[in-house]
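The values are calculated or read from the model by the stated rules, or taken from the named source; none is laboratory data. Quantities reported herein were computed from a predicted structural model and do not represent experimental measurements. When we count neighbours, we look across all protein chains shown, and the Cβ atoms used for this are built from the backbone with ideal geometry, even at glycine. Surface areas here come from the heavy atoms of the whole protein model, side chains and all, with no ligands, DNA or RNA. Shrake-Rupley method; radii C 1.70, N 1.55, O 1.52, S 1.80 Å.
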Amino acid sequence: MGFYDLSAVKMNGQNVSMEEYKGKVLLIVNTASKCGFTPQLAGLEELYKEYKDRGFEVLGFPCNQFANQDPGTNKEISEFCLLNYGVSFSMFEKIDVNGENTHPIYKYLKKEAKGVMGEKIKWNFTKFLVDSKGNVIKRYGSMIKPEKIKSDIEKLL
């Protein structure tokens, strides 16, 4: 099974196949609304605006598994991201990124690009860069700000 065989549900309830993103470079991020790294939403939005016309997408996946930092409903999370950070990139329904209920997309990403804790996601705002063919190119920890990923994105566009 490859990346394009997977799907996820957007905040609006629409099920989206990752096949829809074929040919695009993706940055996939587990987000949280009440985290010290939450201001990275602004940086992610800047990357999206800068590169979306060149075939780049940011996919945000809210997660409440780290210190209960995204306890809201999908609607509350969506409104928070829009009102506070002007998020216009694709946001998906809240998921688990670790444990027995790990979303299939995150099972795939973690298997393809291990981090400091192996396949486990350490914290919010772990980022995965996926090329236009669905290959997971790199994994970035929470401390890596979105603007630090620019050169890697540009190489893939």
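Numbers below:
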{"read-out": "Per residue, in Å², the accessible surface of region 32-157 once ligands and nucleic acids are set aside, probe 1.4 Å", "value": "50"}
{"read-out": "Global form of region 63-139, assessed from the alpha-carbon gyration tensor, a/c cut-off 1.5", "value": "oblate"}
{"read-out": "Taking the chain and dividing mean pair separation by its residue count, relative contact order in percent (alpha carbons under 8 Å, at least six apart)", "value": "30"}
{"read-out": "Of the trypsin sites (Lys or Arg not before Pro) in region 1-74, those whose Cβ has at most 16 other Cβ within 10 Å and which sit in DSSP loop", "value": "Lys22, Lys34"}
{"read-out": "Long-range HN-HN contacts of Ile137 with modeled amide H, under 5 Å", "value": "Leu129, Val130, Asp131"}
{"read-out": "Of Lys75/Lys120; Lys24/Lys148; Lys24/Lys122; Lys75/Lys150, pairs whose Cα-Cα distance is over 24 Å", "value": "Lys75/Lys120; Lys24/Lys122; Lys75/Lys150"}
{"read-out": "Gain upon complete extension [Lys120, Glu79; 0.36 nm per residue less C-alpha separation]", "value": "11.9 nm"}
{"read-out": "Segment Ser132-Ser88, length gained on full extension (0.36 nm per residue, minus Cα span)", "value": "13.8 nm"}
{"read-out": "R0 of 25 Å, Cβ-Cβ distance Ala42-Val16: FRET efficiency to nearest 0.05", "value": "0.55"}
{"read-out": "Antiparallel bridges, percent of DSSP beta bridges restricted to region 57-157 (to nearest 5)", "value": "60"}
{"read-out": "Asp5-Lys111 pseudo-label distance in nm [points 7 Å out on the Cα-to-Cβ vector]", "value": "0.8"}
{"read-out": "Magnitude of the charge dipole, region 1-66, Cβ model with Lys/Arg +1 and Asp/Glu -1, debye to 20", "value": "100"}
{"read-out": "Net charge, Lys114 excluded, C-beta distance under 12 Å - Lys, Arg +1, Asp, Glu -1", "value": "+4"}
{"read-out": "In sequence order, calculated HN-Hα J values of region 15-29 (Karplus, 6.51, -1.76, 1.60; Hz; x Gly/Pro)", "value": "7, 10, 7, 5, 4, 4, 9, 4, x, 10, 8, 10, 10, 9, 9"}
{"read-out": "Dipole moment magnitude, nearest 20 debye, the chain about Cα centre, only Lys, Arg, Asp, Glu C-beta charged", "value": "460"}
{"read-out": "Local net charge near Val25, Cβ-Cβ under 9 Å (Lys/Arg +1, Asp/Glu -1)", "value": "0"}
{"read-out": "Environment charge at Ala67 (Cβ cut-off 13 Å; Lys +1, Arg +1, Asp -1, Glu -1)", "value": "+1"}
{"read-out": "Whether the chain is rounded, prolate or oblate, judged on the alpha carbon gyration tensor where a/c under 1.5 counts as rounded", "value": "rounded"}
